Amino acid sequence: MTGDVVSGASLDALAPPAPAEVVGERVDALRARIAAAGRDPRTIRIVAVTKGYRVDAVHAALAAGLTDIGENRAEELLAKAAVVAVPCWHYLGAIQRRRVGRLAPVVGMWQTVARAAEGAAIAAHAPGAAVLVQVDPTATPGHNGCALDEVPAVVAALRALALDVRGLMLLAPRAPGDRVRATMRSVAEAASALGLGEVSMGMTDDLDEALAEGTTMVRIGRGLFDWQVPRPV
């Protein structure tokens with residue numbers, strides 16, 4: 001493989017996921033953990049992030065009852081979509097406008113829209129597409145996302161393009177738990193103020209914080225598919 005170019009043949013060069021029965025057990029454990037946090041598992045959308053894993057990971061997630069599959073790399077998503085049907089592919093990588101046309105027929109949810117120009121590219125190829133606005137409240141250099149005070153304007157611009165703006169998305173900073181929770185809280189409050197129902201935040205390492213701060217969508221990769229899970233779900 002070179003860069004992020006992935007062909008159907010080279011999918012086999014990706015990492016093998018844990019066996020399907022193990023993935024199923026982890027999905028059950030994840031739902032139990034959500035319930036133990038006082039949240040209704042039926043209200044939390046689990047996005048299985050299969051980036052870097054063979055297509056077996058997609059099959060295992062579907063077999064466990066998950067319908068939302070996330071990918072960060074455009075070419076990897078396209079290669080997997082060519083060999084397995086998924087109810088909803090979530091695109092989790094930074095949006096490159098030159099690739100939107102190829103992704104548009106496949107992607108069901110664009111989670112990382114941070115600029116009106118990105119929305120315009122999506123609207124041109126997929127009118128009315130479901131999108132989330134990625135927020136970076138900490139303005140971390142090199143991170144995708146718009147500043148918190150820019151969110152209302154970005155949401156308005158995307159709505160003007162007739163896109164279906166569902167909510168906000170956060171890639172939380174690596175920081176002590178109280179700082180992570182404060183960052184998540186600010187994003188959840190911004191979504192509520194704008195009347196947006198979805199808040200996508202929380203991954204394998206910050207799941208508990210996200211559940212406490214009102215996430216409606218969690219993105220789990222290693223916690224489902226690694227052979228050895230660093231932190232049980």
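Within the option set ALA13, ALA61, ALA36, being closer than 27 Å to ASP208 by Cβ and more than 19 Å from the chain's Cα centre (by Cα) holds for one residue only, ALA36.
Here the range 178-214 is the region considered, the condition is being closer than 15 Å to GLN134 by Cα and β-branched (Val, Ile, Thr), and the residue that is surrounded by the fewest Cβ atoms within 10 Å (Cβ to Cβ) is THR183.
Checked against (1) over 14 Å from the mean Cα position of the chain (by Cα); (2) surrounded by 18 or more Cβ atoms within 10 Å (Cβ to Cβ); (3) closer than 25 Å to GLY52 by Cα, TRP227 passes all but a single condition, namely (2).
For the range 173-184, the condition of being of a type in the set (S, T, N, Q) and touching a helix residue (DSSP H, G or I) at 6+ places or on another chain (Cβ under 8 Å) holds for none of the residues. With the condition kept exactly as written, say whether any residue in the range 50-59 is farther than 15 Å from VAL83 by Cα, at pLDDT 95 or above and either aliphatic (A, V, I, L, M) or outside any helix (DSSP H, G or I) (or both). Checked against the condition, which is being farther than 15 Å from VAL83 by Cα, at pLDDT 95 or above and either aliphatic (A, V, I, L, M) or outside any helix (DSSP H, G or I) (or both), the range 50-59 yields at least one hit. Residues in the range 167-177 include at least one that is closer than 21 Å to GLY93 by Cβ and surrounded by fewer than 18 Cβ atoms within 10 Å (Cβ to Cβ). Here is the figure for the range 124-154: residues that are out of contact with any strand residue (DSSP E or B) (no Cβ under 9 Å at 6 or more places or on another chain), of a type in the set (A, V, I, L, M) and over 25 Å from ARG174 (Cα atoms) total 1. Within the range 137-153, the only residue that satisfies the criterion of being crowded, with 23+ Cβ neighbours inside 10 Å and on the phi < 0 side of the Ramachandran plot is VAL151. Inside the range 71-88, residues that are touching a helix residue (DSSP H, G or I) at 6+ places or on another chain (Cβ under 6 Å), closer than 12 Å to LEU103 by Cβ and not in a helix (DSSP H, G or I) make up a count of 1.
The values are calculated or read from the model by the stated rules, or taken from the named source; none is laboratory data. Not measured: the values here are computed from a predicted model. Backbone-built Cβ (ideal geometry, glycine too); neighbour counts: all protein chains shown.
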